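Report on one structure; see the data block that follows.
The values are calculated or read from the model by the stated rules, or taken from the named source; none is laboratory data. The structure displayed is predicted, hence computed values, not measured ones. Virtual Cβ from ideal backbone geometry, glycine too; neighbours counted across all protein chains shown. Keep in mind that these areas ignore ligands, DNA and RNA; they rest on the heavy atoms of the full protein, side chains included. Shrake-Rupley method; radii C 1.70, N 1.55, O 1.52, S 1.80 Å.
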Amino acid sequence: MLQYDKAVYELVCENEKLYKFISEYAVDGGWLVKCDDYANALISNKLGNLLGLNSDAYPLEKLLNRTIVEEELLSKKELYNYSSPFIKKLKVFDANGNGIQQTVKVAFFTASGEEWLVGCHKNIYQEYQSAEIIDKYKKIIQGTNLGTWEWNVQTGETVFNERWAEIVGYSLKELEPVSLKTWTTLCHPEDLKKSEEELQKHFNGESSYYEIECRMKHKKGHWVWILDRGRVFTWTDAGEPEWMIGSHQEITARKEQELETKKFKELFEATTKAASIGFWEVKFNPIEPYWDAVTNRIYEAPDDYRIKLEEGISRYPEGHNRDLIEKCFSEAIEKGKAYDVELQINTFKNNLKWVRTIGIPEFENGDCKRVYGLFLDIDKVKQEQYLKDKLMENTKDENNRLVNFAHIVSHNLRSHSNNFSMLTQMLSTDLSDDKKQKVFEMLANAASKLKETTKHLDEIVDINLTLDDNFSDLNLKKYIDDAIQSQNTFADSRGVELINNVPDSLTIKGIPAYLESIALNFLSNAIKYADPEKKERHVEITATETLHEIKLIYSDNGLGINLEKHGAKLFGMYKTFHRNKDARGIGLFITKNQIEAMGGRVEVESTPGEGTRFTIYFQKP
């Protein structure tokens, strides 16, 4: 059975959990077997003697029986480890054929790149020799380079090995005579109190073994971190703990790394919290989504909320935002493609908010193990950028309107001036009375046209001089209803159906007189230019709300406009595009100025013979 002892020694040296498992459970022997060679289980000397075996290797199925091995153990091996081993009560037969009730505990583990099974046997109805157990425990520890200690709880007697002293910079001889005081003197006072508490829990049966991480004073004056473990192996007849055996393992490097990691984690959390940057991750197999407190706050979720993957995705509004995040997340998992996008979410308080989400996939052996990243609240930045863009747009529009107005004044007044100059020159010539009368009539008509032009120019100036003081919150549907009511007779005479689908609740920021004019002008134009060749004629008015604006839409199936030909001058002054005797070419020009004066804009789509669609954008209150 030497192969078993050799294998245990080699494996225990690199796998501390195996050492704990065997030392705690292999009371009446055990076995080891490679997962690719179940026919050759290495058996301990104690178990081999009990079963009357004289061979080091033995088929696993004969130790446990075929049914247990194939149907209970191997079929579910992924479930069994040190913390949750496979446990089975069974009867084994000794060399004389006597049945012995035992408990076997089995765990899977990996060492040196190979998978192993370890089995530990314990007789259910038998007293054990403590000396033999202690001896076995010592042998295992010797191969792990651990400091060891033995302590008689009743008498205070202590035994330390050389490595125990080495860890704190001494030789064992320097510490002699050793006693319990040797330990209490070197241990950090805070940790000594914790040690006493954990020992008491173990003595009371609240823990199966004693374990703490503590600091000990090194000979050079600094503190070293120790993993201190132990277990009571013998008890007095009165049930009091007697001999306790344990180990010391230096973990200073690991502990310093943990403390450094903790420090940086706390710094990172404080920084991200101050910057409103959240962390999130989704692990796979099984799916485990997580987000931190900052992300939770950005989502405006309850403090005790636990994220579900589907819920996190569903918070992105349907359409562009939902489609893009689903595409990015899928490509991260399937193609290993990281992403950094700006999208909108609906928070748990139903607020629409701009966020920046960064996702980084992590792969192992070709499979995506997790996607993690950052989550930033950029709503304020977006809002400020929108206001800046809007200000720049308004400034540009104001400049364009100023240039346009100057052009109109120059063009129109120059036209009238030239007309007057020509007529006055005609009067200075020798004309007959009839021709002079004709010229005077032409002068009167020119004066009338000049008066009309100056009136229109006054209207344009008035639009830009009566803004801020007249802005108020206006119910959009009311103004559309009023416009429809005033145009019903006109619409009936043209055979045009008027459809108002504007929601009752939409409100814009605007000037009442301008909104009344805008609503009426677009409606009357749509009726005026209905297609007489079509049997069914209609004008539909709808409105929708975006994050920053209200959209008012006039759609008709009228004559339509050739935008390639007339698009550039559609909103120009005195421009007409149909042979309508009532057309003056001033309505759309004035209406566009009114819209822009209220901080809005207008867009048009049209196809000759099919109809026209005007979209007017208004500011929200």
Reference-scaled alpha-carbon Rg (2.2 N^0.38 Å with N residues) for segment 507-555: 1.39
For a quick protection proxy, order the peptides 541-551, 245-255 by their average other-Cβ count within 10 Å, most packed first. 245-255, 541-551
What are the ³J(HN,Hα) couplings of segment 334-339, residue after residue, when phi is run through the Karplus curve with 6.51, -1.76, 1.60 and θ = phi - 60°? Round to Hz, x for glycine and proline. 8, 10, x, 9, 6, 9
Rounded to the nearest Å, what's the spacing between the alpha carbon centres of segment 534-561 and segment 323-388? Just the number, please. 35
Model label zone, T347; criterion: amide N under 11 Å from point 7 Å along Cα-to-beta-carbon; scope segment 372-391: 377-380
Calculated FRET efficiency, K396 and S330, Cβ-Cβ r, R0 56 Å, to nearest 0.05? 0.90
Would you mind counting up the charge near E242? Only other residues with Cβ under 13 Å from its Cβ, with Lys and Arg at +1 and Asp and Glu at -1. -3
Peptide ranges 473-484, 320-331 listed from the most packed, as the mean C-beta count within 10 angstrom indicates: 473-484, 320-331
In terms of the alpha carbon gyration tensor, root eigenvalues a ≥ b ≥ c, rounded if a/c is under 1.5 and otherwise prolate when a/b exceeds b/c or oblate, segment 25-90 is prolate
May I ask you to compute the full-extension gain from K438 to N500, defined as 0.36 nm times their residue separation minus their alpha-carbon distance, rounded to one decimal in nm? 17.2 nm
Taking a cut-off of 13 Å between Cα atoms, list the aspartates and glutamates near K220, but don't count ones fewer than 8 places away on the same chain. E166
Which FRET efficiency value, to the nearest 0.05, do you get for K380 and I287 by plugging their Cβ-Cβ distance into 1/(1 + (r/R0)^6) with R0 = 41 Å? 0.80
Quick one: length gained pulling D323 to W235 fully straight, 0.36 nm per residue minus the C-alpha distance? 24.9 nm
Rounded, prolate or oblate for segment 185-342? Axes are the square roots of the Cα gyration tensor eigenvalues, ordered a ≥ b ≥ c, and the cut-off for rounded is a/c under 1.5. prolate
I'd like the FRET efficiency for C35 and E564, computed as 1/(1 + (r/R0)^6) with the beta carbon distance as r and R0 of 60 Å, rounded to 0.05. 0.20
Mean Cβ neighbour count within 10 Å, used as a protection proxy, ranking 46-57, 332-343 highest first: 46-57, 332-343
How far apart, in nanometres, would the label points at R306 and N365 be if each is projected 7 angstrom from Cα along the Cα-to-Cβ direction? 2.9
Sorted by chain and number, the residues with a modelled amide H under 5 Å from that of S207, at a separation of 5 or more or across chains, are H202
Taking 7 Å along the Cα-to-C-beta vector as the label spot, tell me the N145-L90 distance in nanometres, rounded to one decimal. 3.7
Cut-off under 17 Å on the C-alpha distance; same-chain residues fewer than 8 positions from K390 excluded. Which aspartates and glutamates are left, in chain and number order? D379, E398, D468, E549, E596, E603
Residue-wise HN-Hα coupling along segment 494-503, computed from phi with Karplus coefficients 6.51, -1.76, 1.60 (Hz; x: Gly, Pro): 9, x, 10, 8, 9, 10, 10, 10, 7, x
Kindly flag which residue pairs out of K201/K262; K122/K255; K34/K337; K34/K88; K76/K337 have an alpha-carbon separation exceeding 30 Å in this structure. K122/K255; K34/K337; K76/K337
At 1.4 Å probe size, put K6, K353 in order of accessible surface, largest to smallest. K6, K353
